[in-house]
Ligand SMILES: NC(=O)c1ccc[n+]([C@@H]2O[C@H](COP(=O)([O-])OP(=O)(O)OC[C@H]3O[C@@H](n4cnc5c(N)ncnc54)[C@H](O)[C@@H]3O)[C@@H](O)[C@H]2O)c1
């Protein structure tokens, strides 16, 4: 019998995880909830079989409470995860949350305090660190071969035709129409934090307008990219994007030390990483000062082979594995609530920085009560509610 009875909230992205959970011998999806589900016709397209279906979160949670649901996967709107995470934890359930963890600084505090108060487990489902090439990079960085880490960079470029952007943005006030370019940073920044095992301390950022996006009818945010710059707690500098409209390769990462560097993406093939040494820092057992290494999921054992079929270069598979390990085997997930809140805060303060000519902001350490108090009432947001009200910040640079 499955030990984790999973409820999925939001069946777009959440639907991708339906079979990933059900294919894990420790998990079973017991309920799904989405206001767009046709419950009366009993899931006309049959995606969710006879799994219980709901359109209202509270009814879904109540069903879960009565039927042993112990894990909620949040894949609802990007900026609305924290309040639902708090509700699920208050109901005694653990939480796996899609990105971003929280839409405001206040919600970062609420989320962290809910985890501490309830003692429930919280995991951010940031999957890019677990893509095949990134796992290989991580292995190399962790081996210490690079020496002192000086610099890391990450890029996540995800553009689309006007039709694609419109399809992903159903409704005038949908989050994708109002999201500033710094906000979706977890795919560019998460892998850097993971590989270097570091936390952001200060952020400054700049955002830039795209002429092409003026033609985009579905969205109000016409910036093409934001570039964020962070001082990390290991002394390293990190430079990364949010989700961009830059005409460049899908994603790329680079970690640079004083002895060697390692990178993926760009001109380097899929599932490959490039390791570079100076001639004078090359170890005796390295023939070349620069070589491309093929990353193979079978390097990661039997589970690696199973990951090969999963989305995002195997990343989605490892999210389920890591979640099971965290809840059933008490293994701390890398993206715990403190790292998750730090990433959301970097996105929000990064945007404040863009609006203030690159002003430098200190990122709260959410383990620290004084730091929490400094942002406890900060509800600034660029996202309007479903009636178009409530946004307190612009979502793009003026042009
Ligand atoms: N990690 C990844 O690779 C990845 C990929 C895609 C999406 N995502 C994340 O997944 C989340 C969902 O994205 P998406 O692409 O599915 O698009 P989306 O945000 O448009 O879909 C959210 C779904 O949740 C439902 N929903 C929202 N609020 C609800 C409520 N109060 N009650 C009932 N249903 C509600 C909506 O009807 C919708 O179907 C976002 O946070 C996004 O960032 C992550």
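Sorted by average packing, counted as other Cβ atoms within 10 angstrom per residue and highest first, what order do 325-335, 53-63, 126-136 take?
On the way: 325-335: 15.6, 53-63: 17.2, 126-136: 25.2.
Order by mean packing, descending: 126-136, 53-63, 325-335.
With the alpha-carbon atoms of region 324-399 aligned to their principal axes, the span from lowest to highest coordinate is 51, 31, 23 Å, starting with the largest.
With 0.36 nm allotted per residue and the present C-alpha distance subtracted, the residue 217-residue 287 stretch has 19.8 nm of extension available.
Compute the normalised compactness of region 261-399: alpha-carbon radius of gyration over 2.2 N^0.38 Å, N being the residue count. Don't jump to the answer; show the numbers that get you there.
Details: Rg = 21.6 Å, N = 139, 2.2 N^0.38 = 14.3 Å.
Here the answer is 1.51, to two decimals.
Each of 209, 187, 357 was scored by other Cβ atoms within 10 Å of its Cβ. Listed from fewest to most, they are 357, 209, 187. A simple spin-label model places the labels of residue 233 and residue 23 3.6 nm from each other, with each point 7 Å out along Cα-to-Cβ.
Spin-label model, residue 365 to residue 56: label points 7 Å out along the Cα-to-beta-carbon direction sit 4.5 nm apart.
For the chain, DSSP calls about 60 percent of its internal beta bridges antiparallel. Measuring nothing but alpha carbons in region 244-306 and taking Rh as the Kirkwood radius, the Rg to Rh ratio lands at 1.06. Using the number of other C-beta atoms within 10 angstrom as an exposure proxy, rank 1, 236 with the fewest first. Ranking 1, 236 by Cβ neighbours within 10 Å, fewest first, gives 1, 236. Please report, to two decimal places, log10 I(q)/I(0) for the chain at q = 0.15 Å⁻¹ as given by the Debye formula with identical point scatterers on the Cα atoms and no solvent. The calculated log intensity ratios at q = 0.15 Å⁻¹ are -1.50.
With a Cα-only, solvent-free Debye model of region 182-250, what are the log10 I(q)/I(0) values at q = 0.18 Å⁻¹? One equal scatterer on each Cα of region 182-250 leads to -0.70.
Note on residue 47 and residue 308: their simple-model spin labels are 2.8 nm apart, each label 7 Å out from Cα toward Cβ.
Both radii were evaluated on the Cα set of region 98-168; the Rg over Rh quotient, with Rh as the Kirkwood radius, amounts to 1.10. Remark: 344, 159 ranked as 159, 344, counting other beta-carbon atoms within 10 Å and listing the fewest first.
Please compute the Kirkwood hydrodynamic radius over region 1-42, one decimal place, Å, based on all pairs of different Cα atoms.
On the way: mean 1/r = 0.0930 Å⁻¹.
When all Cα pairs of region 1-42 are included, the Kirkwood radius is 10.8 Å.
For n ≥ 4 DSSP H runs only, could you compute -39500 (n - 2.57) per run for the chain, divide by its residues and tell me the 222 nm figure to the nearest 500?
Numbers: 11 runs with 119 residues, N = 399.
Helix-only estimate at 222 nm: -9000 deg cm²/dmol.
Per the Debye formula on identical point scatterers at the alpha carbon atoms of region 4-124, with no solvent, log10 I(q)/I(0) at q = 0.13, 0.21 Å⁻¹ is -0.46, -1.17.
Take the Cα of residue 162, go 7 Å toward its beta carbon, and the backbone nitrogen atoms of region 186-219 under 12 Å from that spot belong to 212-219.
If R0 equals 35 Å, the separation of the Cβ atoms of residue 259 and residue 113 corresponds to a calculated FRET efficiency of about 0.25. Diffusion coefficient of region 151-309 by Stokes-Einstein, Kirkwood radius over Cα pairs, 10 °C, 1.306 mPa s: 90 µm²/s.
Kirkwood analysis of the Cα pair distances in region 215-326 returns a hydrodynamic radius of 17.4 Å.
Any read-out appearing in this document is the output of simple, stated calculations on the displayed coordinates, not a laboratory observation. As the structure is a computational prediction, the values presented were derived from the model and not from experiment. Virtual Cβ from ideal backbone geometry, glycine too; neighbours counted across all protein chains shown.
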